[in-house]
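The structure appears right after this line, and notes come after that.
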Amino acid sequence: MTRREAPDDTLCPVAHSTSLIGDRWSILVVRELLLGQSRFQDLQAQTGATSQMLAARLKRLEADGLVAREVYSERPRRYAYRLTEKGAHLKPVILALRAWGEQWCKPQDGPPATRMFHRTCGAELELDGHCPTCGVIAPWPEMGGAPSEAWAEERRRRAEAFADHRRPS
């Protein structure tokens, strides 16, 4: 089923949602935008998508109202991308995938990629969003995050490798 073939014959919100963001590249683009990346080359470096794949996903996300683009350079014409309100409301989905992946997909002794904090008190949150200090499940607007040292280093290496690959020989 392609995105344009949205399941109009069902009330199922999962079917409708996955017709918009149900592929790896779209999810990774949303993750990067939530992390503050906004430029095409930075999105490409961190997702690993080809330029054609990334351009197609950004156009689709924009057409579906999840992403907006803004010109930041006229010569050459370049765009920055940001999540719309609709796109920003995917944060709990990304947080749920993060928690599930931390529990079920990473190497057993691997460090967490991201540490999540409760903005209200500053305490580190458990995977389910529970704040050990306040004793509550933090609502997602009250959550902040930071890459672990290991993931920050991985992201730095990925950006450098991408930049090196783009430099003329």
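Would you please list the contacts, defined by Cβ atoms under 9 Å and residues six or more apart or on different chains, that run from a residue in segment 142-157 that is over 16 Å from K91 (Cα atoms) to a residue that is of a type in the set (A, V, I, L, M, F, W, C) and open to solvent by 50 Å² or more (accessible area, probe 1.4 Å)?
As it stands, the answer is R155/L35, since those pairs meet every condition given.
Which pairs do you get when a residue that is farther than 19 Å from Q37 by Cβ and open to solvent by 100 Å² or more (accessible area, probe 1.4 Å), found in segment 74-86, comes within reach of a residue that is of a type in the set (A, V, I, L, M, F, W, C) and modelled with pLDDT of 95 or more, reach meaning Cβ atoms under 7 angstrom, with the pair 6+ apart or on two chains?
Correct list of pairs: R77/V71.
Does any residue of segment 3-24 turn out to be open to solvent by 50 Å² or more (accessible area, probe 1.4 Å), within 26 Å of E154 (Cβ to Cβ) and touching a residue at least 12 places away in the same chain (Cβ under 8 Å)?
No.
Would you please name the residue that is nearest to Y72 (Cα to Cα), looking only at residues in segment 87-125 that are part of a helix (DSSP H, G or I) and open to solvent by 70 Å² or more (accessible area, probe 1.4 Å)?
As a first pass, look at segment 87-125 and keep what is part of a helix (DSSP H, G or I): 87-88, 91-104.
Then keep just the ones that are open to solvent by 70 Å² or more (accessible area, probe 1.4 Å); that gives 97, 100, 103-104.
Values: L97: 32, W100: 36, Q103: 39, W104: 40 Å.
Looking at residues that are part of a helix (DSSP H, G or I) and open to solvent by 70 Å² or more (accessible area, probe 1.4 Å), I get L97.
Exactly one of (1) within 30 Å of G65 (Cβ to Cβ); (2) surrounded by fewer than 14 Cβ atoms within 10 Å (Cβ to Cβ) is unmet by A138. Its number?
Of the numbered conditions (1) within 30 Å of G65 (Cβ to Cβ); (2) surrounded by fewer than 14 Cβ atoms within 10 Å (Cβ to Cβ), the odd one out for A138 is (2).
Can you name every residue in segment 64-73 that is touching a strand residue (DSSP E or B) at 6+ places or on another chain (Cβ under 8 Å), of a type outside the set (V, I, T) and either crowded, with 17+ Cβ neighbours inside 10 Å or over 26 Å from P139 (Cα atoms) (or both)?
Narrowing segment 64-73 to residues touching a strand residue (DSSP E or B) at 6+ places or on another chain (Cβ under 8 Å): 66-72.
Then drop every residue that is not of a type outside the set (V, I, T), which leaves 66, 68-70, 72.
The answer is L66, R69, E70, Y72.
If I go through segment 141-155 residue by residue, how many of them are surrounded by 12 or more Cβ atoms within 10 Å (Cβ to Cβ) and not small (G, A, S)?
6
Here are some conditions: (1) in contact (Cβ under 8 Å) with a residue 24 or more places away in the chain; (2) surrounded by fewer than 16 Cβ atoms within 10 Å (Cβ to Cβ); (3) not in a loop (DSSP other than H, G, I, E, B). D128 meets all but one. Which one does it not meet?
Evaluating D128 over (1) in contact (Cβ under 8 Å) with a residue 24 or more places away in the chain; (2) surrounded by fewer than 16 Cβ atoms within 10 Å (Cβ to Cβ); (3) not in a loop (DSSP other than H, G, I, E, B) leaves (3) as the failure.
The values are calculated or read from the model by the stated rules, or taken from the named source; none is laboratory data. Everything numeric in this text was worked out from a predicted model, so none of it was measured. Heads up, the Cβs are rebuilt from the backbone with ideal geometry, glycines too, and the neighbour counts pull from every protein chain shown. These area figures cover heavy atoms from the full protein model, side chains too; ligands, DNA and RNA do not enter into them. Shrake-Rupley method; radii C 1.70, N 1.55, O 1.52, S 1.80 Å.
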